[in-house]
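The values are calculated or read from the model by the stated rules, or taken from the named source; none is laboratory data. Since this is a predicted model, take the numbers as computed values, not measurements. Glycine gets a Cβ as well: all are built from the backbone with ideal geometry, and neighbour counts include every protein chain shown. Remember, those area values only see protein heavy atoms, side chains included, never the ligands or the DNA or RNA. Shrake-Rupley method; radii C 1.70, N 1.55, O 1.52, S 1.80 Å.
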Amino acid sequence: MYPRCSLSIAALALFAAFPAAAADKEFDPIVVTATRIPTRENELMSDVSVINREEIEKAGQSTIEQLLARQPGIQYTANGGPGTTSGVFIRGASPKQSIILIDGQRVGSATSGDAALSRIPLSQIERIEILRGPASSLYGADAIGGVIQIFTRRGEGPTLFNASTGYGTYGTSDTSAGISGGTDTVSYSLQGAYYNTDGFNAINNTKNAYYNSDRDGFHNGSFSGNFSIRPAQGQEIGVNLFSSSGSSKYDSTPKAMDFKNDQDVSSYSAYSRNSLSQIWTSTLRLGRSTDDATNYANKIRSSVFRTDQDQASWQNDIKLPIGTALLAAEYLKQTVSGSTNYTVSERSVKSLLAGWTGSIENNRFQLNLRRDDNSQFGGETTGSATYGYQFTPELRAHISYGTAFRAPTFNELYYPGFGNTDLKPETSKNAEVGLNWERGNHRASLVAYNNQVSDLIKNGPPPAYAPSNISKALLRGTTFTYDGRFSEWAAGVTVDFLDPRNEETGANNGNRLIRRAEQQMSSYVSRTLGHWELRGEWQLVGNRYDDVRNTKVLGAYGLVNLYADYRLQKDWALFARGNNIFNKYYETIGDFATAGANFFVGVRYAPK
């Protein structure tokens, strides 16, 4: 049923022979996204990854999309270089079928359904939590593939200043600086960053109607701020701020014109977390996120698409004799505006959710149920149930079933001459089994999943291309991961086997879904050698198709990245990275170029 599962089971058994060693906190982080309740990663029954600040700094990638593409179960596409339209596929689900959160706030465009990942710089990120699998019973619409939550930089301990700057290929410069600190009463962090690149030509095919031999550059400025105060034990009030503004050039027609996209992404929220008793913690959060995109042709504004999302949530975590209960209410209002005259320009979603997570001896469980009432199409109820068993202190397994849905976008519903107001939400049913092993600083996991997606929204024939719920898909796969440390050495590998099939009636039945590879592997090896930190990465991605008929092949490719830093003093380091060092040409979308061999060097001041 699940591709290549036997190979992964054999590898998991091999790692079980490793000797025991004491684990560090990096291998046992606290995770929020998987249950909405802070939980140690080794107690979870979900398919989760955590990327911390240290890993972000050492990664051989320049953008968050490239960093995410090295994680288990994730592939990505981009219409060219930095700043262009991009998206990530979690377990084969489209970018519209996954949620992006920044500090607990939903971000993205309600017109296109995509989040502008290119406007979220790595320099602003403290950590990333990735939850793979259906999560609508926790987070509502659009979580068919999973949830990616981004946490901006935080502060604790003595006041510290951090800074980083560097220069590299394609005229790329990246500079950031910040200050952070905290006491038992107050925590704060302010971080600013500016990125600029001359870029490269986004379209490689000279026969493409949009081809233009110019360089498509990108620049982006960003700011984040976090402040919290704890007037008494168990009482905390805080604010989270993120703002990013970037401008990217792109190719279009007529070729003689100069095209660019200015896009601002922001997220602001305030929260109050209060221990009302020894067993009851209440969290109230109010916020707004904005995605504001403007396109220009020869400096003349051609289109504007803006989404404002007002969000409110009240979550209650209640300790029970067995486990912890989650009770929450949420409100979301999405408003679109700009140059397009939508017949409906706003919608609201009122939600109630409940959950129960706990354990009885070696048995673990997680139950979640959610009801979303959408002013456009009515209500959707989703749920999930997970059972886990701890065989030994090092080995645990889980089995789960969950449902999810995606709400139609404003473009799909109301775009003039295109939209279809009769569209229903896409729905999915997912079953999965998983096995996790942990010993000291070594951990491995194996997950197999089967996600049946129904009522897929597909564009119709020309000239109107009106969308309708006529398609189905099967997302089935297996993911194996290992990560470990051996004294001054560290190594990790992720192997994904994915079978993403079109199950619609007609000629395309059984074809592979576009731009998804059936095989993918990411690995790294690193070594600490005195003042040196050395790291090498190898990524392999199988071939993909660029069309639903599976006639246009995007070739397989392999990438090698290198990273090194040299610690000059306790807090100062020189660093260098080389991406795609063998200058492999590849495409994630037909005709759109990707970066060749590129290098970046810089200096970092980061007190610990």
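General remarks:
- Straight-line cross-link partners of Lys570 among the aspartates and glutamates, defined as a Cα under 20 Å from its Cα and at least 8 positions apart when in the same chain: Glu54, Glu55, Glu57, Glu156, Glu488, Glu533.
- Using a probe of 1.4 Å, the accessible surface attributed to Thr421 totals some 90 Å² when neighbouring protein chains are kept in position.
- Inter-part distance where the range 327-372 and the range 439-479 are each reduced to a Cα centre, Å: 20 Å
- Relative to its Kirkwood radius, the Cα radius of gyration of the range 153-303 gives an Rg/Rh of 1.16.
- Heavy-atom accessible area per residue - the range 446-545, 1.4 Å, Å²: 42 Å²
- Reciprocal of mean inverse Cα separation for the range 487-608 (Kirkwood radius, Å): 17.0 Å
- Where both bridge residues fall in the range 69-200, DSSP classifies roughly 85% of the beta bridges as antiparallel.
- Each principal axis of the Cα cloud of the chain was evaluated for its coordinate range; sorted largest first, these ranges are 63, 57, 53 Å.
- Given charges at beta-carbon only (K, R positive; D, E negative), |dipole| of the chain in Debye: 280 debye
- Antiparallel DSSP beta bridges within the range 61-147, as percent of all bridges there, nearest 5: 85 percent
- Percent carbon-and-sulfur accessible area, the range 330-475, ignoring ligands, DNA and RNA, probe 1.4 Å: 56 percent
- Rg/Rh (Cα only; Kirkwood hydrodynamic radius) as it applies to the range 453-518: 1.27
- Equivalent-ellipsoid semi-axes of the range 23-105, from the Cα gyration tensor, Å, largest first: 25, 16, 11
- Distance between the range 483-501 and the range 116-177 - C-alpha centres, whole angstrom: 21 Å
- Interchain or long-range residues, amide H under 5 Å from Asn511's placed H: Asn502
- Using a cutoff of 8 angstrom between alpha carbon atoms and counting only pairs six or more residues apart, the relative contact order for the chain works out to 12 percent.
- Within the accessible area of the range 120-252 (1.4 Å probe), percent carbon and sulfur: 57 percent
- Between the range 31-80 and the range 553-608, the alpha-carbon center distance in angstrom: 18 Å
- Cross-link pairs beyond the 24 Å C-alpha cut-off, checked among Lys472/Lys552; Lys319/Lys608; Lys96/Lys424; Lys249/Lys424; Lys58/Lys608; Lys424/Lys552: Lys319/Lys608; Lys249/Lys424; Lys424/Lys552
- Per-residue [θ]222 nm for the chain (sum of -39500 (n - 2.57) over DSSP H runs n ≥ 4, rounded to 500): -1000 deg cm²/dmol
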